[in-house]
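Comments concern the structure below.
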Amino acid sequence: MSPETATPLLIVDRLEKSFAARNSNPFKPSREKLRAVDGISFTVERGETFGLVGESGCGKSTAARAILRLVEPTGGRVSFDGIDIAGLAPEPMRKLRRRMQMVFQDSTGTLDPRMSVRDLVEEPLIVHGLGDAAARRAKVDAMLELVGIRPEFATRKPHQFSGGQRQRIGIARALVLEPELVVLDEPISALDVSVQAQILNLLKDLQERLGLSYVFIVHDLTVAEFFCDRLAVLYLGQVMESGAASELFSNPQHPYTVSLLSAVPRVGTKGSNRIILEGEVSPLGSGASTGCAFRARCPVGRDRPICASDRPVLAPRGTGDHTVACHFPGELRAAP
Amino acid sequence: MSATNQPPLLDVRGLTTEFVTRTGAVAAVRNVSLSVRRGEKVAIVGESGCGKSTLALSILGLVDRPGRIAAGEVRLHGRNLVGLSEREMKKIRGNVVSLIFQDPMGALDPIQTVGAQLIDTLRRHQPSLSHKAARARAVELLREVEVPAAERRLDDYPHHYSGGMRQRVMIAIALANSPALIIADEPTTALDVTTQAQVLALLERVVANHGVAVLLITHNLGVVAEFCDGVQVMYAGRIVERGPTEAVLAKPTHPYTQALLESIPDPSRRGDRLRAIPGMPPDLSAMPTGCAFEPRCFHGHGREICRTRQPIPIAIETAGGPSLVECHFAAERAARAGEITAS
């Protein structure tokens, strides 16, 4: 690890990724852009878990892929340990990938069904040309043990494992390169709740033992609140609100965050005072270029002129590094 | 709540559903009994592979070979559905009982308009209805499930609808022939949380308006807490705990129910480890001789009685009414839970 522990491990600065919007006429390419990621900024400190939270279509997965340059960002800057990633040539980028890895939601789709678990976990080491056969094997066995796969199962194929165990294999594949940053893209969403708990515990153990930093992409707010140190709530590719998890969940300021929290069905509270948003996330034709991206569904700003004309900027609010992008922060409160 | 001495709308008794495999018959649903009263909302909750969807399909006579109902009865309005011909069942499905699936795109026909599918459902069970009248009724139904511009959307295809809107269409189709019971299999699992809140609120409203009973199949205990009067917790094909939702979720008696609730991340314990359930559900073709949960149970693991004897249901009195728990230590655990809250 580098000595300059004062600087954050990851700095994401006004990151953008837009796609050409689909057009019905193939001979007349559309000028309209779908802004999947629309100027997201955040930092991840060493050893912390930063959450990107939002509903489907909010751009959280695209943001993660743009950070790792699995898709090319169309704007903004990503700096990893002081290295500007956007300007990096292919070869140094490939080398850097060793230090930043990803765990996917669907581990089955990322594991070659014909390879044994040992080969699957060894593959990243071969790709990066690390160690000789004996050293690699020792490393793979140690890694499998660390994630809780018994060594005698190392010759088995992915289909012989349960979903939770396959996710453990996916984690082993990501961690065998000893990365510093791991992007976890909904790693537990496909799992049963009892298995989710096992994997969350494993991720926490590994973070403590290996000093990992996580970017945790998650739609489940209960999990986000429990697992993340800090997080950003995304809507249509923009950060609506961000800050420490404890602050953000106890004192949400943005109408979207408040509604989102209120929508979660929980054991122990009967949500009769639930705020139910109208409409749905609609990335195109929402007129998000001017005004607030959330205004079409916003119980606070739907009919206010300023929300239609000016896009709110992230501004400090509450305690710590809590920021909110809203003209009327704190106005909407969930009834107790 | 409705009067308790009313005969139940749905009464399942000792239902066992088996699948024939090369190595012998495997029971996915084991000796399950449950009842749903008129207008009641009952949840079946459990993890994948516990048999909750097979139970739903068994009730509707939709278990295909190599599966079969090996024992038990499914009584609807007092009439046993097990053994009825497919022709008879077709008169019941979509009419007296309807089904809402998790994935509306898989349940809707992609090459027929939503209107055509609604009209088809209506006229299948009400042949005297003219096409025009059916269309008018279809518009009414879409309005009821709050599809905007219902008349125009009638001629759209399912792929024109968003996920949440498709699920509304499914609800409209389920309601079309004024059923007495809707079986909803994970109806909001594929939806975003704000859409889930919309669809649950809608479902709650329409079932109250029509007095329809709902059997909700889900893995989400939050949804159960929100929506259902009663809950049945399933594990490895059996209902291990059942009772009034509030009482069961606040004071679970079966160790599995308790462990399931403790697996849900509790933000007040940030930074801690969760109390995960070790291991995995048992292989249904090689079930333990005693309690199916014994190998993973924090209470009974290793105990002689748990390893050797299948527990029988024990009745427990809760604040909300009686509950039934299949655990050798149910009485002891319920008493202790009572003491903890009393002190």
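Every number here is computed from the coordinates shown, using simple stated rules; none is lab data. Keep in mind that this is a model prediction, so the values were computed, not measured. Glycine also receives a Cβ, built like all others from the backbone with ideal geometry; neighbour counts cover every protein chain displayed.
Observations on the model:
- Here the protein assembly as shown is assigned +1 on the Cβ of each Lys and Arg and -1 on the Cβ of each Asp and Glu. Its dipole about the Cα centre then comes out at about 1360 debye.
- Compared with the dominant principal axis of the Cα atoms in chain B, helix B:163-175 is inclined by about 80°.
- Distance from the alpha carbon centroid of the range A:239-268 to that of the range A:165-192 works out to 26 angstrom.
- For the protein assembly as shown, diffusion coefficient by Stokes-Einstein and Kirkwood Rh (Cα), 37 °C, 0.692 mPa s, µm²/s: 120
- Seen against the Cα atoms of chain A and their longest principal axis, helix A:133-147 is set at about 50 degrees.
- Farthest towards the positive end of the charge dipole of the range A:112-178, among the residues A:A138, A:G148, A:P124, is the Cα of A:G148, using unit charges on the Cβ of Lys, Arg, Asp and Glu.
- Once backbone amide H atoms are built at 1.01 Å from N, B:C327 has B:I314 as its partners under 5 Å, excluding neighbours fewer than 5 places away on the same chain.
- Exposure proxy order (Cβ contacts within 10 Å, fewest to most) of B:E144, B:E88: B:E88, B:E144
- Backbone N under 11 Å from the A:F153 label point (7 Å along Cα→Cβ), restricted to the range B:271-297: B:279-280
- The value obtained for the range A:112-178, namely the Cα convex hull volume divided by the number of residues, is 75 Å³ per residue.
- Given charges at Cβ of Lys, Arg, Asp, Glu: the range B:81-157 dipole, positive-most of B:V147, B:G106, B:N95: B:N95
- Only Cα sites of the range B:10-228 enter the Debye sum here, all with the same form factor; the resulting log10 I(q)/I(0) across q = 0.09, 0.11, 0.18 1/Å is -0.36, -0.54, -1.36, listed in q order.
- Least to most buried among A:K33, A:K204 (fewest other Cβ within 10 Å first): A:K33, A:K204
- Reach of A:K17 by Cα under 27 Å, taken over lysines that are not fewer than 8 positions away in the same chain: A:K28, A:K33, A:K60, A:K95
- Dipole magnitude of chain B, debye to nearest 20 (Cβ charges: Lys/Arg +1, Asp/Glu -1, about Cα centre): 620
- Shielding of peptide B:267-276 by partners, expressed as the average count of other chain Cβ atoms within 10 Å per residue Cβ, is 6.
- Rg/Rh for chain A, where both radii come from Cα atoms and Rh is the Kirkwood radius: 0.99
- When both the range B:6-29 and the range B:149-216 are represented by their alpha-carbon centers, they are found 28 Å apart.
- Among the GluC sites (Glu not before Pro) in the range A:237-278, those located in a DSSP loop and surrounded by at most 14 other Cβ atoms within 10 Å of their own Cβ are A:E278.
- Between B:A225, B:V32, A:V71, the Cα set farthest toward the positive side of the dipole of the protein assembly as shown (charges on each charged residue's Cβ, about the Cα centre) is that of B:V32.
- Exercise: per-residue mean of other protein chain Cβ atoms within 10 Å, B:257-266: 5
- Axis angle, to the nearest 10 degrees, between helix A:163-175 and the longest C-alpha principal axis of chain A: 80 degrees.
- Sequence of A:T290, B:T245 once ranked by neighbouring C-beta atoms within 10 Å, starting from the fewest: A:T290, B:T245
- Taking all Cα pairs closer than 8 Å and separated by 6 or more residues, the relative contact order of chain B comes to 18 percent.
- Residue range of chain B that is longest and free of trypsin sites (Lys or Arg not before Pro) which are both DSSP loop and sparsely packed (at most 14 other C-beta within 10 Å): B:23-272
- Sequence-distant lysines (8 or more away, or on other chains) whose Cα lies within less than 26 Å of B:K52: A:K270, B:K41, B:K90, B:K91, B:K251
- Couplings for the range B:228-240, taken from phi via the Karplus curve 6.51 cos²θ - 1.76 cosθ + 1.60 with θ = phi - 60°, read 10, 6, x, 9, 10, 9, 9, 9, 6, x, 10, 8, 8 Hz in order; Gly and Pro are left as x.
- Computed FRET value (nearest 0.05) for B:R270 with B:A25, which takes r as the C-beta separation and R₀ as 45 Å: 0.45
- Backbone N atoms of the range B:227-247 closer than 17 Å to the 7 Å Cα→Cβ label point of B:A70 belong to residues B:235-239.
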